[in-house]
Amino acid sequence: MMHNTYSSSQDLSGTSLFISDLHLCASRPQITAAFTDFLSDTASKAKALYILGDLFEYWAGDDDIENAFHQLIIASFRQLADSGVDIFLMHGNRDFLIGEDFCKAAGITLIKDPLLIDLHGRKTLLSHGDDLCIDDVAYQQFRVQVRDKQWQTNFLAQPLEARKNQIEAIRLRSEQEKSSKSSEIMDVNTEAVVDLLRRHQYPELLIHGHTHRPNRHIIELDGRLTTRWVLGDWYEQGSYLACDEAGCHSMKLSAQG
């Protein structure tokens, strides 16, 4: 997919920006620097910023917000929010334990998945995208377990360090399992996408992340057209989707480093 490169002179007023899969963590300072620069140099010129999941590599609970790294991210968000930019955050498969304490500190509004919005006059459906990967049966079973409110209550009742140790073990096992899964299994299922679009009465746009396969897909369904935008990850280079009244454009930041 073709990307445009952001220019500091670009007019983003009235524009809504979409990002996902940043997987921020202290061990990736280059990504963190690119993200905080993005907030101050790019998002600050926009009307709204939507983060569609996996902002962090993992989130063990809101009692970890005093962590120095998390405080850095919170301060960057708060500065953006205080400048008048609306910030919305959706849970991903890595940070579904983010709660209201983090959002309040950062000046962020937590949104549900999926969420239907009016995007500059276009009916638009937002999702992280992991629930569309139904061919990965083992992951979907795990997803149901960890999204259960009672499971989360029990997990958060444990000491913070114990939670972090468990998450690290789960991440290690997940990475090992990925190596034996086909790329098709870890992508969205076509029928799941079709079912989602029908349930939400054929939105003009579907925007999601999770698969780390940035692209634009045109879907013709029951005589209607939907454009499915897949957001990119930030492992190599920051990317985002910029949408205004004229349409949506996939953008990349200048090369990191």
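Summary table below
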| item | result |
| --- | --- |
| Residue in the stretch 189-209 that is nearest to ALA138 (Cα to Cα), counting only those that are open to solvent by less than 20 Å² (accessible area, probe 1.4 Å) and in a loop (DSSP other than H, G, I, E, B) | GLY209 |
| Subset of the stretch 142-181 that is open to solvent by 80 Å² or more (accessible area, probe 1.4 Å) and hydrophobic (A, V, I, L, M, F, W, C) - its residue that is nearest to ALA60 (Cα to Cα) | ALA157 |
| Selection within the stretch 58-80 - in a loop (DSSP other than H, G, I, E, B) and either touching a residue at least 12 places away in the same chain (Cβ under 8 Å) or open to solvent by less than 40 Å² (accessible area, probe 1.4 Å) (or both) | TYR58, TRP59, ALA60, GLY61, ILE65 |
| Scope the stretch 228-249; condition assigned to a strand (DSSP E or B) and open to solvent by 30 Å² or more (accessible area, probe 1.4 Å); matching residues | ASP244, HIS249 |
| Only listed residue being at pLDDT below 95 and within 22 Å of the chain's Cα centre (by Cα), chosen from GLU177, GLU168 | GLU168 |
| Any hit, the stretch 111-130, residues being open to solvent by less than 50 Å² (accessible area, probe 1.4 Å), of a type in the set (Val, Ile, Thr) and assigned to a helix (DSSP H, G or I) | no |
| Residue selected from the stretch 62-93 under the condition of a type in the set (Gly, Ala, Ser) and in contact with a Gly (Cβ under 9 Å, 6 or more places away or on another chain), by the criterion farthest from GLY232 (Cα to Cα) | ALA81 |
| Conditions (1) part of a loop (DSSP other than H, G, I, E, B); (2) under 15 Å from the mean Cα position of the chain (by Cα); (3) more than 15 Å from LEU231 (Cβ to Cβ); number of the one not met by ILE87 | (1) |
| Meets criteria (over 19 Å from ARG199 (Cβ atoms) and either open to solvent by 30 Å² or more (accessible area, probe 1.4 Å) or at pLDDT below 95 (or both)) for SER83 | yes |
| Counted residues, the stretch 113-164 - those being closer than 19 Å to LEU206 by Cβ and among the basic types (Lys, Arg) | 2 |
| Scan of the stretch 235-257 for residues that are in contact with a helix residue (DSSP H, G or I) (Cβ under 8 Å, 6 or more places away or on another chain) and modelled with pLDDT of 95 or more, ordered by number | TYR240 |
| Hits in the stretch 20-55 (condition: of a type in the set (Asp, Glu) and part of a loop (DSSP other than H, G, I, E, B)) | ASP21, ASP54 |
| From the options PHE142, PHE102, residue that is within 17 Å of the chain's Cα centre (by Cα) and part of a helix (DSSP H, G or I) | PHE102 |
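The values are calculated or read from the model by the stated rules, or taken from the named source; none is laboratory data. Because the structure is a prediction, the values reported are computed rather than measured. All Cβ positions, even for glycine, are placed from backbone atoms using ideal geometry, and neighbour counts span all protein chains on display. Accessible surface is based on the protein model in full, side chains and every heavy atom, while ligands, DNA and RNA are left aside. Shrake-Rupley method; radii C 1.70, N 1.55, O 1.52, S 1.80 Å.
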